[in-house]
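To keep things clear, I will list the structure first and then write my remarks on it.
The values are calculated or read from the model by the stated rules, or taken from the named source; none is laboratory data. Since the model is a prediction, treat every value here as computed from it, not as a measurement. Here the Cβ positions follow ideal geometry from the backbone for every residue, glycine too, while neighbour counts run over all protein chains shown.
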Amino acid sequence: MPDPTHQYLRFALGQGRYTIDLARVKEILEFGPLTPVPMVPAFVRGVMNLRGAVVPVIDLGDRLGLGAASIGRRSCIVMVDLAVETRDELPAMGVLVDAVDEVVDADEAHHEPVPPLGTEVDPRFLRSLVRVRGVATPELDLSTVLDPAALAHLMAAGSTRR
């Protein structure tokens, strides 16, 4: 039986909906000005100053191959904590999403395994499918999507801004 206190954040990327474990969410911020960073992949939208700390902001849709976000009035930056599972000292990171929809309680959700084919996002970036009110919503595996070693490799490979 799922832990009734467990929750998920459901949000929009393009036309799709995705979830992440709410325990990984530090805060949700209104989209604001970012400072561009030269010679980084296009999915790195820039950096922001968050209470004196320089924080990179990743366009989550672009990182997942869904295309760059179009900034709108509902666009926001979700500050995530990657150290929840790893217990490592990882820097704060923001992910740009098109809109935040809702928080879903675990007792409303049912988990299903990720099918090897037929997902809009590479299955290795997905942890499970969270079925809420009859709709299967992919749960992102942020440890894989935002893995610092993988991101560093992509930057070293010369994927630069368009």
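One table, with the values for the structure above:
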{"item": "Qualifying residue in segment 12-29 (condition: assigned to a loop (DSSP other than H, G, I, E, B), out of contact with any strand residue (DSSP E or B) (no Cβ under 8 Å at 6 or more places or on another chain) and either free of Cβ contacts under 8 Å to residues at least 12 places away in the same chain or surrounded by fewer than 20 Cβ atoms within 10 Å (Cβ to Cβ) (or both))", "result": "yes"}
{"item": "Matching option when the condition is modelled with pLDDT of 85 or more and not polar (S, T, N, Q), among D107, D122", "result": "D122"}
{"item": "Residue satisfying all of: in segment 1-43; at pLDDT 90 or above and among the acidic types (D, E); nearest to M79 (Cα to Cα) among these", "result": "E27"}
{"item": "Every pair of residues 6+ apart whose Cβ atoms lie under 8 Å, when the first sits in segment 47-64 and is under 29 Å from D122 (Cβ atoms) while the second is polar (S, T, N, Q) and part of a strand (DSSP E or B)", "result": "V47/T35; M48/T35; V55/N49"}
